[in-house]
Amino acid sequence: MNGVSGRMGYRQHLVRSILAIREQGGVLLADGETRVQVEPILVGRSEKKLADLAAKHGIEHWTTNLDEALADDRWQIYADFLVTKARAVAIRKAIAAGKAIYTEKPTAESFDEALELARLADEAGIKNGVVHDKLYLPGLQKLRRLIDSGFFGRILSVHGEFGYWVFEGDWQPAQRPSWNYRSEDGGGIIVDMFPHWNYVLENLFGRVESVYAKAVTEIPERVDERGERYPATADDAAYAIFELEGGVVAQLNSSWTTRVNRDELVEFQVDGTHGSAVVGLFGCKIQPRNATPKPVWNPDLADAHDYAGDWIESPGNREFENGFKTQWEEFIRHVVEDAPNEFDFLAGARGVLLAELGLRSSREGRRVELPVVTIGSGTGSAADVAAEPASDAVHDAEPLDAEAVDAEFAGVR
(Lines give C-alpha, C1' and ligand atoms only; values in the text may rest on other atoms or scores of the structure.)
Protein backbone atom coordinates (compact mmCIF):
# COMPACT_ATOMS: atom_id res chain seq x y z
CA MET A 1 0.00 0.00 0.00
CA ASN A 2 1.93 2.99 -1.34
CA GLY A 3 0.89 6.42 -0.04
CA VAL A 4 -1.06 5.39 3.08
CA SER A 5 0.09 8.43 5.03
CA GLY A 6 -2.07 10.63 2.79
CA ARG A 7 -5.64 11.55 3.64
CA MET A 8 -7.47 9.12 1.33
CA GLY A 9 -4.86 6.38 1.51
CA TYR A 10 -5.04 6.31 5.29
CA ARG A 11 -8.69 6.89 6.12
CA GLN A 12 -10.52 5.13 3.31
CA HIS A 13 -8.09 2.52 2.00
CA LEU A 14 -6.10 1.47 5.06
CA VAL A 15 -8.42 2.00 8.04
CA ARG A 16 -11.91 1.67 6.56
CA SER A 17 -11.06 -0.96 3.93
CA ILE A 18 -8.04 -3.20 4.45
CA LEU A 19 -7.96 -3.12 8.25
CA ALA A 20 -11.75 -3.51 8.38
CA ILE A 21 -11.48 -6.52 6.06
CA ARG A 22 -8.74 -7.98 8.25
CA GLU A 23 -10.83 -7.49 11.39
CA GLN A 24 -13.83 -9.28 9.86
CA GLY A 25 -11.68 -12.30 9.05
CA GLY A 26 -11.00 -11.62 5.38
CA VAL A 27 -13.01 -11.58 2.16
CA LEU A 28 -15.78 -14.11 1.68
CA LEU A 29 -15.41 -15.93 -1.64
CA ALA A 30 -18.08 -17.14 -4.06
CA ASP A 31 -18.68 -20.48 -2.33
CA GLY A 32 -20.07 -18.60 0.67
CA GLU A 33 -17.74 -20.38 3.10
CA THR A 34 -14.10 -19.73 2.20
CA ARG A 35 -12.42 -16.54 3.32
CA VAL A 36 -9.14 -15.09 2.08
CA GLN A 37 -7.32 -12.93 4.61
CA VAL A 38 -5.33 -9.80 3.78
CA GLU A 39 -1.96 -8.67 5.13
CA PRO A 40 -0.74 -5.16 4.26
CA ILE A 41 2.77 -3.80 3.86
CA LEU A 42 2.95 -0.02 4.13
CA VAL A 43 5.19 1.84 1.67
CA GLY A 44 6.17 5.49 1.80
CA ARG A 45 9.00 8.01 2.11
CA SER A 46 8.91 8.75 5.84
CA GLU A 47 10.19 6.05 8.17
CA LYS A 48 8.66 7.81 11.17
CA LYS A 49 5.17 8.10 9.65
CA LEU A 50 5.20 4.47 8.54
CA ALA A 51 6.49 3.23 11.87
CA ASP A 52 3.87 5.25 13.74
CA LEU A 53 1.03 3.95 11.54
CA ALA A 54 2.27 0.37 11.82
CA ALA A 55 2.49 0.61 15.61
CA LYS A 56 -0.91 2.27 15.92
CA HIS A 57 -2.73 -0.39 13.89
CA GLY A 58 -0.72 -3.53 14.67
CA ILE A 59 0.80 -3.83 11.19
CA GLU A 60 3.95 -5.92 11.02
CA HIS A 61 5.39 -4.85 7.68
CA TRP A 62 6.46 -1.46 6.34
CA THR A 63 9.26 -0.13 4.13
CA THR A 64 10.55 2.98 2.38
CA ASN A 65 11.91 0.84 -0.47
CA LEU A 66 9.23 0.28 -3.11
CA ASP A 67 11.53 -1.74 -5.38
CA GLU A 68 12.30 -4.12 -2.54
CA ALA A 69 8.60 -4.60 -1.77
CA LEU A 70 7.76 -5.22 -5.43
CA ALA A 71 10.52 -7.83 -5.68
CA ASP A 72 9.03 -9.79 -2.76
CA ASP A 73 6.67 -12.56 -3.90
CA ARG A 74 4.70 -12.36 -0.65
CA TRP A 75 2.98 -9.17 -1.80
CA GLN A 76 0.53 -9.98 -4.58
CA ILE A 77 -1.28 -6.65 -5.01
CA TYR A 78 0.27 -3.23 -5.48
CA ALA A 79 -2.08 -0.45 -4.28
CA ASP A 80 -1.31 3.17 -5.23
CA PHE A 81 -2.58 6.27 -3.39
CA LEU A 82 0.23 8.64 -4.35
CA VAL A 83 -0.21 12.12 -5.76
CA THR A 84 -1.04 11.95 -9.45
CA LYS A 85 2.40 13.10 -10.64
CA ALA A 86 4.11 10.13 -8.96
CA ARG A 87 1.56 7.46 -9.89
CA ALA A 88 2.48 6.35 -13.41
CA VAL A 89 6.16 5.71 -12.63
CA ALA A 90 5.28 3.51 -9.65
CA ILE A 91 2.58 1.63 -11.57
CA ARG A 92 5.01 0.86 -14.39
CA LYS A 93 7.33 -0.70 -11.83
CA ALA A 94 4.46 -2.79 -10.44
CA ILE A 95 3.51 -3.94 -13.95
CA ALA A 96 7.11 -4.98 -14.61
CA ALA A 97 7.08 -6.89 -11.32
CA GLY A 98 3.94 -8.77 -12.38
CA LYS A 99 1.76 -7.55 -9.52
CA ALA A 100 -1.99 -7.14 -9.62
CA ILE A 101 -2.61 -3.40 -9.30
CA TYR A 102 -5.34 -1.36 -7.63
CA THR A 103 -5.08 2.41 -7.83
CA GLU A 104 -6.77 5.69 -7.09
CA LYS A 105 -7.79 7.95 -9.93
CA PRO A 106 -6.72 9.70 -12.06
CA THR A 107 -4.44 6.91 -13.19
CA ALA A 108 -2.04 9.32 -14.92
CA GLU A 109 -1.51 12.97 -15.77
CA SER A 110 -2.44 12.54 -19.44
CA PHE A 111 -4.67 10.32 -21.51
CA ASP A 112 -1.65 9.08 -23.51
CA GLU A 113 -0.01 7.90 -20.31
CA ALA A 114 -3.21 6.40 -18.89
CA LEU A 115 -3.82 4.48 -22.11
CA GLU A 116 -0.22 3.28 -22.11
CA LEU A 117 -0.64 1.89 -18.59
CA ALA A 118 -3.79 0.07 -19.69
CA ARG A 119 -1.94 -1.37 -22.66
CA LEU A 120 1.10 -2.42 -20.61
CA ALA A 121 -1.08 -4.12 -18.01
CA ASP A 122 -3.03 -5.91 -20.74
CA GLU A 123 0.13 -7.11 -22.46
CA ALA A 124 1.56 -8.30 -19.14
CA GLY A 125 -1.67 -10.17 -18.38
CA ILE A 126 -2.00 -8.67 -14.91
CA LYS A 127 -5.25 -7.88 -13.15
CA ASN A 128 -5.87 -4.21 -12.55
CA GLY A 129 -8.52 -2.00 -11.02
CA VAL A 130 -9.28 1.68 -10.49
CA VAL A 131 -11.27 3.17 -7.61
CA HIS A 132 -14.88 3.95 -8.61
CA ASP A 133 -16.04 4.82 -5.11
CA LYS A 134 -18.92 7.17 -6.00
CA LEU A 135 -20.87 4.29 -7.57
CA TYR A 136 -20.90 2.58 -4.18
CA LEU A 137 -22.44 5.50 -2.30
CA PRO A 138 -25.79 4.52 -0.75
CA GLY A 139 -27.54 7.35 -2.60
CA LEU A 140 -26.20 6.30 -5.99
CA GLN A 141 -26.96 2.65 -5.31
CA LYS A 142 -30.56 3.63 -4.60
CA LEU A 143 -30.50 5.61 -7.85
CA ARG A 144 -29.21 2.55 -9.70
CA ARG A 145 -32.14 0.55 -8.38
CA LEU A 146 -34.60 3.23 -9.57
CA ILE A 147 -33.05 3.18 -13.05
CA ASP A 148 -33.12 -0.61 -13.24
CA SER A 149 -36.77 -0.69 -12.14
CA GLY A 150 -37.83 1.70 -14.92
CA PHE A 151 -38.99 4.33 -12.42
CA PHE A 152 -37.92 7.28 -14.57
CA GLY A 153 -39.45 6.19 -17.85
CA ARG A 154 -37.23 7.91 -20.41
CA ILE A 155 -34.44 9.79 -18.64
CA LEU A 156 -34.20 13.36 -19.90
CA SER A 157 -31.50 15.11 -17.91
CA VAL A 158 -29.15 15.02 -14.95
CA HIS A 159 -28.22 18.05 -12.86
CA GLY A 160 -25.43 17.72 -10.31
CA GLU A 161 -23.96 20.01 -7.70
CA PHE A 162 -20.74 19.09 -5.92
CA GLY A 163 -18.53 21.10 -3.63
CA TYR A 164 -18.00 23.17 -0.53
CA TRP A 165 -15.90 26.08 0.69
CA VAL A 166 -12.23 25.11 1.09
CA PHE A 167 -10.61 27.70 3.34
CA GLU A 168 -7.78 29.71 1.82
CA GLY A 169 -5.42 28.73 4.64
CA ASP A 170 -4.87 32.15 6.18
CA TRP A 171 -7.29 32.58 9.10
CA GLN A 172 -8.38 28.94 9.03
CA PRO A 173 -6.35 25.93 7.79
CA ALA A 174 -7.44 24.54 4.44
CA GLN A 175 -9.23 21.17 4.41
CA ARG A 176 -7.36 20.03 1.32
CA PRO A 177 -3.60 19.80 0.62
CA SER A 178 -2.07 22.79 -1.15
CA TRP A 179 -0.94 20.74 -4.16
CA ASN A 180 -4.62 20.53 -5.18
CA TYR A 181 -4.39 24.21 -6.21
CA ARG A 182 -1.15 24.02 -8.22
CA SER A 183 -1.49 22.74 -11.77
CA GLU A 184 2.26 22.03 -11.89
CA ASP A 185 1.74 19.50 -9.09
CA GLY A 186 -1.22 17.79 -10.75
CA GLY A 187 -3.90 19.85 -9.01
CA GLY A 188 -7.21 21.20 -10.27
CA ILE A 189 -10.85 20.32 -9.75
CA ILE A 190 -11.33 19.11 -13.33
CA VAL A 191 -8.43 16.66 -13.01
CA ASP A 192 -9.82 15.56 -9.65
CA MET A 193 -13.56 15.36 -10.35
CA PHE A 194 -14.10 14.73 -14.08
CA PRO A 195 -12.75 11.15 -13.83
CA HIS A 196 -15.43 10.61 -11.14
CA TRP A 197 -18.13 12.19 -13.29
CA ASN A 198 -17.10 10.03 -16.25
CA TYR A 199 -17.63 6.71 -14.48
CA VAL A 200 -20.78 7.90 -12.72
CA LEU A 201 -22.35 9.05 -15.97
CA GLU A 202 -21.26 6.12 -18.16
CA ASN A 203 -22.29 3.48 -15.63
CA LEU A 204 -25.67 5.00 -14.74
CA PHE A 205 -26.83 6.89 -17.83
CA GLY A 206 -24.61 6.27 -20.85
CA ARG A 207 -21.24 7.04 -22.40
CA VAL A 208 -20.14 10.67 -22.43
CA GLU A 209 -20.11 11.78 -26.06
CA SER A 210 -19.19 15.45 -25.66
CA VAL A 211 -18.17 18.02 -23.07
CA TYR A 212 -18.50 21.78 -22.84
CA ALA A 213 -16.69 23.09 -19.77
CA LYS A 214 -15.57 26.30 -18.15
CA ALA A 215 -12.71 26.01 -15.66
CA VAL A 216 -11.89 28.96 -13.42
CA THR A 217 -9.48 29.83 -10.63
CA GLU A 218 -11.69 31.85 -8.34
CA ILE A 219 -9.25 32.17 -5.41
CA PRO A 220 -5.94 33.31 -6.99
CA GLU A 221 -3.79 33.04 -3.86
CA ARG A 222 -3.80 30.56 -0.98
CA VAL A 223 -1.69 29.70 2.08
CA ASP A 224 0.07 26.34 2.26
CA GLU A 225 0.75 23.95 5.14
CA ARG A 226 3.82 25.95 6.22
CA GLY A 227 1.85 29.19 6.39
CA GLU A 228 3.40 30.55 3.19
CA ARG A 229 1.36 32.26 0.49
CA TYR A 230 1.44 30.76 -2.98
CA PRO A 231 -0.26 31.50 -6.31
CA ALA A 232 -3.13 29.12 -7.09
CA THR A 233 -2.43 28.01 -10.66
CA ALA A 234 -5.08 25.27 -10.91
CA ASP A 235 -8.83 25.56 -11.42
CA ASP A 236 -10.88 25.47 -8.22
CA ALA A 237 -14.31 25.49 -9.92
CA ALA A 238 -15.67 23.98 -13.13
CA TYR A 239 -19.05 24.26 -14.82
CA ALA A 240 -19.80 21.65 -17.46
CA ILE A 241 -22.43 20.24 -19.80
CA PHE A 242 -22.04 16.63 -20.93
CA GLU A 243 -24.02 15.06 -23.77
CA LEU A 244 -24.55 11.34 -23.26
CA GLU A 245 -25.45 8.55 -25.61
CA GLY A 246 -29.20 8.24 -25.94
CA GLY A 247 -29.74 11.98 -25.78
CA VAL A 248 -29.42 12.51 -22.02
CA VAL A 249 -27.91 15.88 -21.06
CA ALA A 250 -25.97 16.20 -17.80
CA GLN A 251 -25.03 19.53 -16.23
CA LEU A 252 -22.52 19.22 -13.38
CA ASN A 253 -21.01 22.00 -11.30
CA SER A 254 -17.87 21.25 -9.28
CA SER A 255 -16.50 23.82 -6.86
CA TRP A 256 -14.21 24.29 -3.88
CA THR A 257 -15.43 27.90 -3.68
CA THR A 258 -19.12 27.47 -2.89
CA ARG A 259 -20.99 27.50 0.40
CA VAL A 260 -23.34 24.57 0.84
CA ASN A 261 -27.09 25.14 0.70
CA ARG A 262 -28.27 21.60 0.02
CA ASP A 263 -28.76 18.48 2.08
CA GLU A 264 -25.40 16.90 1.18
CA LEU A 265 -22.04 17.89 -0.31
CA VAL A 266 -23.03 16.28 -3.61
CA GLU A 267 -26.52 16.05 -5.06
CA PHE A 268 -27.83 14.81 -8.39
CA GLN A 269 -31.32 15.50 -9.72
CA VAL A 270 -32.46 13.07 -12.39
CA ASP A 271 -35.56 13.97 -14.37
CA GLY A 272 -37.51 11.49 -16.48
CA THR A 273 -40.86 11.32 -18.21
CA HIS A 274 -42.38 9.20 -15.41
CA GLY A 275 -40.60 10.59 -12.38
CA SER A 276 -37.66 12.42 -10.84
CA ALA A 277 -35.18 11.73 -8.05
CA VAL A 278 -32.72 13.74 -6.00
CA VAL A 279 -29.86 11.70 -4.57
CA GLY A 280 -26.78 12.48 -2.50
CA LEU A 281 -24.19 10.46 -0.68
CA PHE A 282 -26.90 8.79 1.40
CA GLY A 283 -30.31 10.26 0.69
CA CYS A 284 -32.70 9.53 -2.16
CA LYS A 285 -35.94 11.46 -2.65
CA ILE A 286 -38.39 10.65 -5.44
CA GLN A 287 -41.35 12.35 -7.08
CA PRO A 288 -43.37 10.11 -9.40
CA ARG A 289 -45.45 11.45 -12.26
CA ASN A 290 -48.76 11.01 -10.45
CA ALA A 291 -47.53 12.97 -7.42
CA THR A 292 -46.07 15.91 -9.34
CA PRO A 293 -47.58 19.31 -8.44
CA LYS A 294 -48.75 21.78 -11.08
CA PRO A 295 -46.85 25.03 -10.45
CA VAL A 296 -48.06 28.25 -12.06
CA TRP A 297 -45.67 31.18 -12.49
CA ASN A 298 -46.97 34.33 -10.83
CA PRO A 299 -44.35 36.95 -9.87
CA ASP A 300 -47.00 39.12 -8.20
CA LEU A 301 -47.86 36.70 -5.40
CA ALA A 302 -45.64 34.87 -2.93
CA ASP A 303 -45.84 31.12 -3.54
CA ALA A 304 -46.86 29.39 -0.32
CA HIS A 305 -46.64 25.87 -1.76
CA ASP A 306 -44.25 23.53 0.07
CA TYR A 307 -42.40 22.04 -2.89
CA ALA A 308 -40.00 20.12 -0.64
CA GLY A 309 -43.02 18.35 0.85
CA ASP A 310 -43.89 16.86 -2.54
CA TRP A 311 -40.88 14.54 -2.42
CA ILE A 312 -40.92 11.03 -0.92
CA GLU A 313 -37.88 9.58 0.83
CA SER A 314 -36.90 6.33 -0.88
CA PRO A 315 -36.20 3.51 1.60
CA GLY A 316 -32.82 1.82 1.59
CA ASN A 317 -34.17 -1.72 2.10
CA ARG A 318 -30.62 -2.94 2.76
CA GLU A 319 -27.43 -2.14 4.64
CA PHE A 320 -24.75 -0.26 2.71
CA GLU A 321 -21.13 -0.76 3.74
CA ASN A 322 -18.29 1.68 3.10
CA GLY A 323 -17.97 1.93 -0.68
CA PHE A 324 -14.18 1.80 -0.70
CA LYS A 325 -14.27 -1.41 1.34
CA THR A 326 -16.91 -2.96 -0.91
CA GLN A 327 -14.88 -2.30 -4.03
CA TRP A 328 -11.73 -3.58 -2.34
CA GLU A 329 -13.53 -6.85 -1.59
CA GLU A 330 -14.66 -7.10 -5.21
CA PHE A 331 -11.13 -6.52 -6.47
CA ILE A 332 -9.66 -9.12 -4.11
CA ARG A 333 -12.22 -11.64 -5.38
CA HIS A 334 -11.19 -10.67 -8.91
CA VAL A 335 -7.54 -11.42 -8.07
CA VAL A 336 -8.17 -14.62 -6.09
CA GLU A 337 -10.97 -16.30 -8.02
CA ASP A 338 -11.20 -14.30 -11.27
CA ALA A 339 -14.52 -12.64 -10.37
CA PRO A 340 -15.66 -9.99 -12.88
CA ASN A 341 -14.03 -6.56 -12.78
CA GLU A 342 -15.12 -3.85 -15.22
CA PHE A 343 -13.41 -0.96 -13.45
CA ASP A 344 -9.97 -1.48 -14.96
CA PHE A 345 -7.17 0.75 -16.26
CA LEU A 346 -9.07 1.34 -19.50
CA ALA A 347 -12.03 2.70 -17.51
CA GLY A 348 -9.51 4.88 -15.68
CA ALA A 349 -8.10 6.11 -19.00
CA ARG A 350 -11.57 7.18 -20.14
CA GLY A 351 -11.83 9.32 -17.02
CA VAL A 352 -8.47 10.96 -17.72
CA LEU A 353 -9.60 11.60 -21.29
CA LEU A 354 -12.72 13.43 -20.09
CA ALA A 355 -10.62 15.61 -17.79
CA GLU A 356 -8.14 16.35 -20.56
CA LEU A 357 -10.86 17.30 -23.02
CA GLY A 358 -12.74 19.26 -20.36
CA LEU A 359 -9.66 21.44 -19.89
CA ARG A 360 -9.31 21.76 -23.65
CA SER A 361 -12.95 22.78 -23.96
CA SER A 362 -12.40 25.50 -21.37
CA ARG A 363 -9.25 26.80 -23.05
CA GLU A 364 -10.81 26.89 -26.50
CA GLY A 365 -14.32 27.95 -25.46
CA ARG A 366 -16.13 25.24 -27.39
CA ARG A 367 -17.85 21.87 -27.18
CA VAL A 368 -15.48 18.91 -27.65
CA GLU A 369 -16.54 15.43 -28.73
CA LEU A 370 -15.11 12.28 -27.17
CA PRO A 371 -14.13 9.39 -29.45
CA VAL A 372 -14.73 5.80 -28.41
CA VAL A 373 -11.38 4.25 -27.50
CA THR A 374 -10.07 0.79 -26.69
CA ILE A 375 -6.61 -0.38 -25.70
CA GLY A 376 -5.75 -1.26 -29.32
CA SER A 377 -2.16 -1.49 -30.43
CA GLY A 378 -1.37 2.10 -31.41
CA THR A 379 0.45 4.79 -29.47
CA GLY A 380 -1.50 7.83 -30.59
CA SER A 381 -3.68 10.09 -28.49
CA ALA A 382 -7.44 10.18 -28.75
CA ALA A 383 -7.24 13.56 -27.05
CA ASP A 384 -5.28 14.92 -29.98
CA VAL A 385 -7.95 13.85 -32.45
CA ALA A 386 -10.52 15.95 -30.61
CA ALA A 387 -8.72 19.16 -31.57
CA GLU A 388 -11.64 19.50 -33.99
CA PRO A 389 -15.11 18.01 -33.46
CA ALA A 390 -15.31 14.39 -34.58
CA SER A 391 -17.64 13.60 -37.43
CA ASP A 392 -21.00 11.94 -36.78
CA ALA A 393 -19.66 8.88 -38.55
CA VAL A 394 -17.38 8.15 -35.63
CA HIS A 395 -20.35 7.59 -33.32
CA ASP A 396 -22.10 5.36 -35.84
CA ALA A 397 -19.06 3.20 -36.43
CA GLU A 398 -17.58 0.35 -34.42
CA PRO A 399 -15.46 1.42 -31.41
CA LEU A 400 -12.04 2.60 -32.53
CA ASP A 401 -8.77 1.70 -30.91
CA ALA A 402 -6.15 4.39 -30.40
CA GLU A 403 -4.28 3.57 -33.62
CA ALA A 404 -7.47 3.64 -35.69
CA VAL A 405 -8.48 6.96 -34.14
CA ASP A 406 -5.20 8.54 -35.20
CA ALA A 407 -5.54 7.13 -38.71
CA GLU A 408 -9.14 8.33 -39.01
CA PHE A 409 -8.32 11.88 -37.99
CA ALA A 410 -4.78 12.30 -39.29
CA GLY A 411 -3.93 15.93 -39.85
CA VAL A 412 -6.48 17.59 -37.54
CA ARG A 413 -3.73 18.50 -35.07
- [ ] With a probe of 1.4 Å, find how much accessible area the stretch 193-309 has per residue, and write the answer as a whole number in Å².
- [x] 52 Å²
Open item on the list: Could you tell me how far the Cα centroid of the stretch 163-182 sits from the Cα centroid of the stretch 187-247, in Å?
Closed with: 16 Å
Task: Whole-Hz couplings from phi, Karplus 6.51/-1.76/1.60, listed for the stretch 194-202; x for Gly and Pro - done: 5, x, 5, 4, 4, 6, 5, 5, 5
Open item on the list: Please compute the Kirkwood hydrodynamic radius of the chain from all pairs of different C-alpha atoms, in Å with one decimal.
Closed with: 23.0 Å
Task: For the chain, built as a Gaussian network whose Cα springs stay under 10 Å, the top-fluctuating residue of SER17, SER110, SER149 - done: SER149
Task: Sparse-neighbourhood loop sites, trypsin sites (Lys or Arg not before Pro) in the stretch 289-326 - DSSP loop, at most 12 other Cβ within 10 angstrom - done: ARG318
Task: Spin-label pair THR292/ARG35, simplified geometry with 7 Å Cα→Cβ offset, distance in nm - done: 4.9 nm
Open item on the list: Once you place label points 7 Å from the Cα toward the Cβ at ALA96 and SER157, how far apart are they in nm?
Closed with: 5.1 nm
- [ ] Using a 1.4 angstrom probe on heavy atoms only, work out the carbon and sulfur share of the accessible area of the stretch 221-369 in %.
- [x] 50 percent
Task: the stretch 6-86: GluC sites (Glu not before Pro) in DSSP loop, at most 12 other beta carbons within 10 Å - done: GLU33, GLU60
TODO: Run down the aspartates and glutamates and flag those whose C-alpha is under 15 Å from the C-alpha of LYS294, throwing out any fewer than 8 positions away in its chain.
DONE: ASP303, ASP306, ASP310
Task: Vicinal HN-Hα couplings computed from phi for the stretch 296-301 (Karplus, 6.51 cos²θ - 1.76 cosθ + 1.60; Hz; Gly/Pro x) - done: 10, 6, 8, x, 8, 10
Open item on the list: Quick check on my link table: of LYS49/LYS127; LYS49/LYS85; LYS49/LYS105; LYS105/LYS214; LYS142/LYS214, which ones sit more than 26 Å apart, alpha carbon to alpha carbon?
Closed with: LYS49/LYS127; LYS142/LYS214
Task: Shape call, the stretch 261-309: gyration tensor on alpha carbons, a/c limit 1.5 - done: oblate
Open item on the list: On a 1.4 Å probe surface of the protein chains, which of HIS57, HIS196 comes out largest in accessible area, and what is the full order?
Closed with: HIS57, HIS196
TODO: May I ask you to evaluate 6.51 cos²θ - 1.76 cosθ + 1.60, the Karplus curve with θ = phi - 60°, for each residue of the stretch 362-372 and list the ³J(HN,Hα) values in order in whole Hz, giving x for glycine and proline?
DONE: 5, 4, 9, x, 8, 6, 10, 8, 9, x, 7
- [ ] Heads up, I need the accessible area for PHE282: 1.4 angstrom probe, whole protein in place, Å², nearest 10.
- [x] 130 Å²
Task: Carbon/sulfur fraction of accessible area - the stretch 1-73, other protein chains in place, 1.4 Å, % - done: 46 percent
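The values are calculated or read from the model by the stated rules, or taken from the named source; none is laboratory data. From a predicted model like this one, the values you see are computed outputs, not experimental measurements. When we count neighbours, we look across all protein chains shown, and the Cβ atoms used for this are built from the backbone with ideal geometry, even at glycine. Accessible surface areas use protein heavy atoms only, side chains included; no ligands, DNA or RNA. Shrake-Rupley method; radii C 1.70, N 1.55, O 1.52, S 1.80 Å.
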